[in-house]
Each structure stands twice: as structure tokens, then as C-alpha cells.
Amino acid sequence: MSFDTQIDRRGTHCVKWDSMETLYGVSPDEGIAMWVADMEFQPPQCVKDAIQKMSDHGIYGYFGDDSAYRAAIQWWMKTRHNWALDTDHIFTTHGLVNGTAMCVDAFTAPGDGIVLFTPVYHAFAKVIKAAGREVVECELVNTNGRYEMDFDAYDAKMTGNETMLILCSPHNPGGRVWSKGELQAVAAFAKRHDLILVSDEIHHDLVYSGNTHIPMANLSGIEDRLVMMTATTKTFNIAGSHSGNVIIADPDLRARFAARMAALGLSPNSFGLFMATAAYSPEGAAWVDELVNYLDTNRKIFDAGINAIPGLSSMRMESTYLAWVDFSGTGMSRQEFTDRTQNAAKIAANHGPTFGTGGEDFLRFNIAAPRAVVEDAVARMQAAFSDLQ
Ligand SMILES: Cc1ncc(COP(=O)(O)O)c(C=O)c1O
């Protein structure tokens, strides 16, 4: 299958297409779904084959012996991310929103403050609030279209009630790949304020050339407070399998996490494990390399087309397929630029405020689609804002 192939997902219980009219007022018959972070591509053949094999076997019973799955994760992290992990440190959750919720539950208490660098992936705040904890927003600084951290400001915000920090690395939205210096500063901040550091690295495979993702686990001196979260689901477009990895080196934190998993009776879904094991393979790796090349061209086309519209600015993605577009230069109200995008361009894109403070002037566009769709989206945006040309 080529990444250029357009696959109709309408009417398949696909949230991105089948809920866009209800949520954004954009009809799937004439609009483009560019919100939810999944891709319009099929996964590599090795993943499809694994599912086919399961299906052909015809018995879908309980899963046992996850040693191949654990070994596959270990192999992937070593070969793709230079991270040597111990397979005994891996927990399998029902995805990373579930992994985040489990961390909040296992390591914090009701009323605790949990620090987020905003704008950031919206489900973090959602699970924090739902669990009766407080979101402590530390706003990223937008320096010439690039997010940076301001630890003097963040230090001043801390009250002593905070117990956890959730980092998104690489960052969604905005696409930053944090540098070693930035990660060291995050780790130092976590230590200074005695915070458990949860590093969500779900986007770590989707990094564009010229940038290198550094797993937080490769920094020294942080392992006693670090929880790593990774998954195959963004990389291989298998989010429906709802599986993720929470990887904890510290024995005390690991025991606390294991206790909560046991108390909630959580055990993984066999489909997720079969798919992840097949994905983390040399064939899966070759497919990811092709995918990132394809996305890289999409990114360039999208950014060039959007940045040609006066007043619009797409943050340069160092990673992810989630373009973060700043409309503040148009002088329009949020209502107006959102209406034009939804009603004139007929594009469903995530609303910026969902991601917390700092997202007010933005919309987020998912560019993991066949090139013709991305080109169409750019043309629609240019037409919808043509009076600015
Ligand atoms: C940073 C981040 N974490 C987690 C998720 C979702 O994870 P899951 O589907 O495994 O719950 C997303 C989805 O966009 C994400 O961007």
C-alpha cells in the first residue's frame, strides 16, 4: 500500500470522521477530518498479517507468555532510541491515557497539584481533573514560533502542593523535540520540587531529520522518580488496539504501580500485544522510516501553504504529524478564524484552548493523510482566508 492511497473511513465507527459533524459541524461528505491524532494510513503488512493470523486461528482466548512482546519492546528501544531497558520494568496498560490515569492514581492523592507545560495534549488535564487532582499550568514561551521553557517563572508558581509533573516529549502540540539541556532542566525542576516525573514519549518515533529524540530514561540521576510511557499506537496507526507501555526502573515506584494494576484487575488485550510484537520488527522499522519521509514532505507542503497566508503561522514541527497553527496575526477573533476553517474551508481541526493556556489563538491540524488531501486542505485554507492575501 502506498501512503498516497485514499481510504474511506466514513461509516466505520471512526471517531475522526464519524463524529466530526456532531463536534465541528463539518459534514464528512464534503469536509476533511484533521483533528484526532490518528493517521489515514494502513499499518505495515507485518501488523496486518499478525491480525490476519489471529483472525484465521479463530479462537480469541486469554493471552499468555508475553516474553516475545517484552523482547520486541526492548529491541525497539535499543535499536531505535539507544535506550537499554529491563523487560521486567514494563507494564502494559490500555493505552497511554489509561497509563497517565494509572500514574495519577498510583502516585498522587486527591487535591495534589500536577504540573503540565501548556499548551499540551488535552487528555492529561482531563484525567487529572477527573481524578480530583489539580492541574498546575506552567505556560511554554512561544519564542519566534518555537516553544521554550521558563523555569524561573515555573519555580515561582510552585506552592509545595505539587507531587507530579507530566512531560510530553516530543511535544504535542507544537512538535518540539526537547534538547538534552532542556530535558536536564526538566529533571532538575522535578528534583527541586520533589515531583514524580512522568514522561509521555508516544510520539518518539515520528521525528524529522536534523532532530534527535532523547529518552528521559537516558539521563542520569532521575531514575528514582521517573516513569516512562511509550506505545506502538501513534507510530503504527493502531490506536484502536488500546495498548501502551509504562516502564519504571525504580523498585518502589514499580511496586506501587503494580499494586494499583492488581487492585483494578487490569490485564492487557491480546490483539494489542500481537500487533505491537509484529510492529516492533525490522519490517516495522523500515515502514516507519518511509512514513517519516512521507510526513516530512507533507509537513513542508502544509507549512509553506499555510505560512503563505498573511497572519497565519504554522509552528515548525520537529516531530509529530500535528501542525499547530497560530492565527493571532490575522487580528480575527477566535470565533471568526474557527468559523472560516470549519464553515468555509470545511476542515475539522482541534480548537487550541482545549490544550490549555497558551492555545487560545491556535488550531491543530493533523497532516498524516495522503498528499492530495493535505494539498486540498491547504488550498481550502487559502481560499477561506483569501481576503488576507
Ligand atoms: C502525548 C499523547 N499521549 C497519549 C495519547 C493517546 O494515547 P492512547 O491512545 O494510548 O490512550 C496521545 C494521542 O494523541 C498523545 O498525543
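The values are calculated or read from the model by the stated rules, or taken from the named source; none is laboratory data. For clarity, every value in this text was computed on a predicted model and none was experimentally measured. As a convention, Cβ positions derive from the backbone with ideal geometry for all residues, glycine included, and neighbour counts pool all protein chains shown.
Pick from the range 45-68 the residues that are of a type in the set (D, E, K, R) and assigned to a helix (DSSP H, G or I): which of them is farthest from the ligand (Cβ to nearest atom)? Outline the logic, then answer.
Start the filter on the range 45-68 by keeping residues that are of a type in the set (D, E, K, R), which leaves 48-49, 53, 56, 65-66.
Those still in the list that are assigned to a helix (DSSP H, G or I) too: 48-49, 53, 56.
Details: LYS48: 20, ASP49: 23, LYS53: 24, ASP56: 27 Å.
By that ranking, first place goes to ASP56.
From ALA368, ALA377, which residue is farther than 18 Å from GLY329 by Cα and not in a loop (DSSP other than H, G, I, E, B)? Step by step, each of ALA368, ALA377 is checked, and only ALA377 is farther than 18 Å from GLY329 by Cα and not in a loop (DSSP other than H, G, I, E, B). Can you find, within the range 148-181, the residue that is nearest to the ligand (Cβ to nearest atom) among those that are touching a Leu at 6+ places or on another chain (Cβ under 8 Å) and more than 25 Å from SER220 (Cβ to Cβ)? Per the stated criteria, the residue is ASN172. Candidates are the residues of the range 95-125 that are in a helix (DSSP H, G or I) and more than 10 Å from the ligand (Cβ to nearest atom); the one that is farthest from ILE196 (Cα to Cα) is ALA125.
Just to be sure I understand, how many residues within the range 82-94 are closer than 26 Å to ASP289 by Cα, surrounded by 13 or more Cβ atoms within 10 Å (Cβ to Cβ) and away from the ligand (no atom under 16 Å from the Cβ)? Counting residues in the range 82-94 that are closer than 26 Å to ASP289 by Cα, surrounded by 13 or more Cβ atoms within 10 Å (Cβ to Cβ) and away from the ligand (no atom under 16 Å from the Cβ) gives 3. For the range 223-244, the criterion of being more than 10 Å from the ligand (Cβ to nearest atom), under 19 Å from GLY64 (Cα atoms) and of a type outside the set (A, V, I, L, M, F, W, C) is met by none of the residues. Report, ordered by the first and then the second residue, all pairs with beta carbons closer than 9 Å, sequence separation of six or more or different chains, a first member in the range 252-270 that is among the small types (Gly, Ala, Ser), and a second member that is surrounded by fewer than 17 Cβ atoms within 10 Å (Cβ to Cβ) and not in a helix (DSSP H, G or I). That search, which allows pairs on different chains as well, returns SER267/TYR62; SER267/PHE63; SER270/TYR60; SER270/GLY61; SER270/TYR62; SER270/PHE63.
Take the conditions (1) within 19 Å of the chain's Cα centre (by Cα); (2) at positive phi; HIS122 misses just one of them, which is (2). Residues of the range 9-29 that are crowded, with 18+ Cβ neighbours inside 10 Å, touching a helix residue (DSSP H, G or I) at 6+ places or on another chain (Cβ under 7 Å) and either part of a loop (DSSP other than H, G, I, E, B) or free of Cβ contacts under 8 Å to residues at least 24 places away in the same chain (or both): VAL26, PRO28. Considering GLY284, GLY311, the condition of being part of a helix (DSSP H, G or I) and modelled with pLDDT of 95 or more is satisfied by GLY284 alone. Quick check on my filter: what residues within the range 182-195 are more than 16 Å from the ligand (Cβ to nearest atom) and more than 20 Å from ARG316 (Cβ to Cβ)? Once the filter is applied, which keeps residues that are more than 16 Å from the ligand (Cβ to nearest atom) and more than 20 Å from ARG316 (Cβ to Cβ), the range 182-195 yields GLN184, ALA185, ALA187, ALA188, PHE189, ALA190, LYS191, ARG192, HIS193, ASP194, LEU195.
Contact annotation: residue pairs with Cβ atoms under 6 Å, 6 or more positions apart or on different chains, pairing a residue in the range 104-119 that is without any contact (Cβ under 8 Å) to a residue 60 or more places away in the chain with a partner that is of a type in the set (Lys, Arg) and buried (at least 20 other Cβ atoms within 10 Å of the Cβ), are ASP112/ARG133; ILE114/ARG133.
State yes or no: is ALA71 touching a helix residue (DSSP H, G or I) at 6+ places or on another chain (Cβ under 7 Å), surrounded by fewer than 18 Cβ atoms within 10 Å (Cβ to Cβ) and either part of a strand (DSSP E or B) or of a type in the set (A, V, I, L, M) (or both)?
Values: touching a helix residue (DSSP H, G or I) at 6+ places or on another chain (Cβ under 7 Å): yes; surrounded by fewer than 18 Cβ atoms within 10 Å (Cβ to Cβ): yes; either part of a strand (DSSP E or B) or of a type in the set (A, V, I, L, M) (or both): yes.
Considered against the rule, which asks whether it is touching a helix residue (DSSP H, G or I) at 6+ places or on another chain (Cβ under 7 Å), surrounded by fewer than 18 Cβ atoms within 10 Å (Cβ to Cβ) and either part of a strand (DSSP E or B) or of a type in the set (A, V, I, L, M) (or both), ALA71 comes out as yes.
Taking the criterion of being within 19 Å of HIS242 (Cβ to Cβ), surrounded by fewer than 20 Cβ atoms within 10 Å (Cβ to Cβ) and touching a residue at least 60 places away in the same chain (Cβ under 8 Å), the only residue of the range 39-49 that qualifies is GLN42.
Please return the ranges of helices (runs of 4 or more DSSP H) entirely within the range 178-278 where 1 or more residues are closer than 30 Å to THR159 by Cβ. Can you show your working first?
Values: elements: 180-192, 233-236, 251-263.
By residue number, 180-192, 251-263.
Only one of the listed residues (ILE128, ILE32) is away from the ligand (no atom under 16 Å from the Cβ) and surrounded by 20 or more Cβ atoms within 10 Å (Cβ to Cβ). That residue is ILE32.
Just one of the listed residues (ASP49, ASP56) is over 21 Å from TRP287 (Cβ atoms) and at pLDDT 95 or above, and it is ASP56.
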